[in-house]
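Following: one structure in structure tokens, then a few remarks.
The values are calculated or read from the model by the stated rules, or taken from the named source; none is laboratory data. Note that the structure is predicted; figures quoted are calculated from it, not measured. Positions of Cβ are generated from backbone atoms using ideal geometry, with glycine treated the same way; all protein chains shown enter the neighbour counts. For the accessible areas, the whole protein counts, side chains as well, though only heavy atoms, and no ligand, DNA or RNA atoms are used. Shrake-Rupley method; radii C 1.70, N 1.55, O 1.52, S 1.80 Å.
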Amino acid sequence: MYTIVDFYGKQADYSCGYCKQPTSCQSHGMWAHTMTCQDYQDLIDRGWRRSGCYCYKPDMQKTCCPSYTIKCDAEAFRLNKSHKKIIKRVNKFLKDGLKGKDDAVANEASHDGAEGGGGGDLEMGDVARNPRKELDLNNLTGLCETNEQVEVFGQDTVDGLCLPKDAHTGSSSNLSTKSSSGGGGQPPKKAKLLRIERKREKLIQKGLNVEEINQKMRDAKGKNVEKSLEDFLNEEPQEGDQAAHRLKLVTICTSSSEFKQSLEASFAVYKKYQSEVHNDPPKTIEEYLDFLVTSPLQFNTGANTPSCGLGSFHQQYWLDDRLIAVGVIDVLPSCVSSVYFFYDPEYSFLSLGTYASMRELAFTRKLHQHTPSISNYYMGFYIHSCPKMRYKSNLHPSYLLCPEVYSWHLLDDRIVQKLNQNKYCRLNEDPKAVDQNAAGPQDINDVLILHGNSYRRYSLFMKMVGLLQPNKNTTTYAKLVGKLCLGRMLLYEG
């Protein structure tokens, strides 16, 4: 498994999608031809982010709107009143089809994936969308530094990583999937009563007698246990309940044949979202594929992966067989990373952005049960100076990544005060703290260079081409990706 990237270097003075200044954005970028999920996990933990196959890292001290990587501890997450209200609103709509008294105008800021307000589509010109050269990934060989022996990339390895077989991804995952359907003529039961009945049924299945069941029910009532995120989500109509609508959440790999069957429906929702919510001109199917479907991440399954595998997925929200929203996510070794979210504006009264973030948190928690390393929900970038981003701070507890030390810090009142004073801050207050993954001068020699159809360490590459010292582009690349990734990823040099 190899990551292959084409490093572009500094991208300067382009327009900002947040503050709208025409020449104020500064970042570094690279094109990922293919990438392992572990490498991408390590990159986003250094402030990188992907848009399609283009990966970018803001120049935090120089750009107009410093973008801090933000994550929420999914296992420790606690709902606030606003979250509960939105989940109840959706559940009420599913049960009786009514929007409610004030829901018709409820359309507060929602999570549009990694970049709030749909700002994930970088305005970086052609460089952000087109690689310098198409690589034939099936025809690469490698040279080991120590003995100069050739290692051949296996055909099956490349195909298996980039294009998972339908045997792995052809059927959608049922994780976090619930459905509700119409029932008989009985009036719907109250959610609390349904929970009590379900609890009684579970106790009966355990073989408890009536007296024991009643005692446990009384004990549970006395404890007054706080309801979890899953408790609220599960209050939607269950199978067999009378309901006006049914909602089904389908998690589907973007490289599967099943995804291709729903491509037309998802593109239609995206076009409608872009034109009516963001007033953007219609996108072509090719632009949609480049932005939200094509991914460099190599699909991976194994003993240490969740049942759905690691890679890029779409979570499709189907209401009565109609696609109304799509969440684009990456499932990585340590997190679920939200890439983007779009929805049918006709259902904006449901606050689907916030509702989807609750579903993605629940999805992360479910994956954690099988794969304990997946414990965090990444929301992309947090820009304190952008009001559209403030909703991300409502997920507690959330943490921001220090742009200098790459340590995580609780987004509390103290951090907010620092950001109110200066939009760029070193969040780690320990003056002795350093980047433990920093690449030193000697580490640059270990950068893997892909040249032609073979790769070698940078120290050997310099001798081969007659370089006396590392060039600036390679040195910058090593500094930005860190010591771990520079020794695993292949840097393409033509």
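List of remarks:
- In the range 4-58, counting only strands (runs of 3 or more DSSP E) that sit wholly within it, the ones holding 3 or more residues that are polar (S, T, N, Q) span 25-34.
- Verdict on L468 being open to solvent by less than 50 Å² (accessible area, probe 1.4 Å) and not in a helix (DSSP H, G or I): no
- Tally of residues being of a type in the set (G, A, S), within 25 Å of R246 (Cβ to Cβ), open to solvent by 10 Å² or more (accessible area, probe 1.4 Å) and at pLDDT 95 or above across the range 291-349: 1
- Checked across the range 237-259, the condition of being over 28 Å from G97 (Cα atoms), open to solvent by less than 10 Å² (accessible area, probe 1.4 Å) and in a loop (DSSP other than H, G, I, E, B) holds for at least one residue.
- Flag if C16 is modelled with pLDDT under 95, open to solvent by less than 10 Å² (accessible area, probe 1.4 Å) and within 23 Å of the chain's Cα centre (by Cα): yes
- Odd one out for S373, checked against (1) part of a loop (DSSP other than H, G, I, E, B); (2) among the hydroxyl-bearing types (S, T, Y); (3) more than 27 Å from Q38 (Cα to Cα): (3)
- Out of G327, G309, sole residue that is more than 23 Å from K392 (Cα to Cα), in contact with a helix residue (DSSP H, G or I) (Cβ under 8 Å, 6 or more places away or on another chain) and in contact (Cβ under 8 Å) with a residue 12 or more places away in the chain: G309
- Being free of Cβ contacts under 8 Å to residues at least 24 places away in the same chain, touching a helix residue (DSSP H, G or I) at 6+ places or on another chain (Cβ under 6 Å) and either farther than 21 Å from Y317 by Cβ or not basic (K, R) (or both) is a description that does not apply to Y270.
- G9 vs. criteria open to solvent by less than 30 Å² (accessible area, probe 1.4 Å), over 24 Å from V336 (Cβ atoms) and in contact (Cβ under 8 Å) with a residue 24 or more places away in the chain: yes
- Restricting E286, E264 to those that are open to solvent by 10 Å² or more (accessible area, probe 1.4 Å), within 26 Å of Y56 (Cα to Cα), assigned to a helix (DSSP H, G or I) and free of Cβ contacts under 8 Å to residues at least 12 places away in the same chain reduces the list to E286.
- Residue ID - modelled with the lowest pLDDT, chosen from residues in the range 184-235 that are open to solvent by 90 Å² or more (accessible area, probe 1.4 Å) and closer than 22 Å to S82 by Cα: K190
- Residue tally, condition within 23 Å of M1 (Cβ to Cβ), modelled with pLDDT of 95 or more and open to solvent by 40 Å² or more (accessible area, probe 1.4 Å), over the range 471-494: 3
- If only residues of the range 350-389 that are under 25 Å from F93 (Cβ atoms) and of a type in the set (V, I, T) are counted, the one that is most open to solvent (accessible area, probe 1.4 Å) is T354.
- Candidates A109, A104, A114, A74: the one that is crowded, with 19+ Cβ neighbours inside 10 Å, among the small types (G, A, S) and at pLDDT below 50 is A114.
- Count of the range 29-48 residues, restricted to those that are farther than 23 Å from D435 by Cα and either out of contact with any Ser or Thr (no Cβ under 9 Å at 6 or more places or on another chain) or surrounded by fewer than 20 Cβ atoms within 10 Å (Cβ to Cβ) (or both), is 1.
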